[in-house]
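Data block below; observations after.
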Amino acid sequence: MRVLTLVGAVLAIGAMVVWAQERRELNLRGGRFAPLTWDTLNPAQKTMVNDLLSGTRTALNGPFNVLLRSPEMGNIAQKLGEYLRFRTAVPRKLNEMAILMTAKAWDSQYEWVAHKSLALEAGLSPAVADDIQAGRRPSRLQPDEAVVYDFCTEMREKHRVSDATYKAALTLLGERGVVDLIALMGYYDLVSMVLNVDKYPLPAGAGVPPFPEP
C-alpha cells in the first residue's frame with residue numbers, strides 16, 4: 001500500500017511539473033473581447049497558442065485574442081498569416097506596403113501602427129506611408145511599389161485588375177508572388193475586421209490614432 005501511495009504521489013508531482021512547464025503567460029489584450037488567460041483555455045485553444053508560438057512569432061498581439069474564440073479556424077488562419085508575413089514570395093517592402101494599404105482601406109488603427117514601422121524598416125519611404133495614410137496615391141513611388149500599389153488599388157476599387165496591371169505584377173512577382181499578394185490582402189482584410197469589431201486597443205505610447213474615429 002505504501003508503495004502504491006508513493007507511486008501515486010510521484011505521478012501527481014510529475015503531472016504538476018509538466019503542467020507548470022506547459023503553462024504560458026499569454027499577455028493577451030482586447031477591447032470588446034475580454035483577454036483570455038492560459039488557465040481559461042480549452043485544449044483546442046491551447047493547441048492554437050502552442051502552434052502559434054512555436055513558429056516565427058513571439059507574442060500574441062493583434063487578432064489572436066479574438067481568433068482564439070474559434071480555435072480550429074483561428075489556428076488555420078494564423079498559419080496562413082505566418083506564411084504571408086515571413087515566407088511569402090512578395091519582397092518584404094512590398095508586402096508591408098500592401099498591408100498598410102489594407103489597414104487604410106479598413107481604417108484599422110492597430111494594424112497601421114503595428115506595420116508602419118515594419119514597412120519603414122523594410123525600406124518604404126515615410127512619404128509613401130504618409131500618402132497612403134492620407135488616402136492619396138503617393139507621388140514618389142518606386143517602379144516596383146507602383147506595380148503593387150496599382151494592383152492592390154484596382155482590386156479594392158474595381159474588384160478585378162486590368163490585363164496591363166496583371167501583366168506588370170506577373171513580371172515583377174511571378175505567378176506565386178501574384179497569388180501570395182492576393183492572399184495577403186484577403187488575410188489582412190480578416191485581421192482588420194477582427195480588430196475593428198473588437199475595438200482592439202493601441203499599444204501604450206502609440207500617440208494619436210492614425211485614422212479618425214468613426
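Bear in mind that the values in this text are calculations on the coordinates, not laboratory data. Just so you know, these numbers come straight off a predicted model, no measurement behind them. Glycine also receives a Cβ, built like all others from the backbone with ideal geometry; neighbour counts cover every protein chain displayed.
Below are the figures for this structure:
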read-out	value
Computed magnitude of the charge dipole of the chain (debye, nearest 20; Cβ of K, R +1, Cβ of D, E -1)	400 debye
Cβ-placed point charges (K, R +1; D, E -1), dipole of region 109-214 about Cα centre in debye, nearest 20	140 debye
Point-charge dipole on Cβ atoms (K/R +1, D/E -1) for region 32-87, about Cα centre, debye to 20	180 debye
Nearby lysines by direct alpha-carbon distance to residue 167 (threshold 19 angstrom, same-chain neighbours under 8 apart not counted)	158
Charge dipole (the chain, unit charges on Cβ, about Cα centre) - positive-most of 78, 142, 165	78
Neighbour-limited loop hits for trypsin sites (Lys or Arg not before Pro), region 84-125 (at most 14 other Cβ within 10 Å; DSSP other than H, G, I, E, B)	87
Principal-axis tilt of helix 109-121 within the chain, Cα atoms, nearest 10 degrees	70 degrees
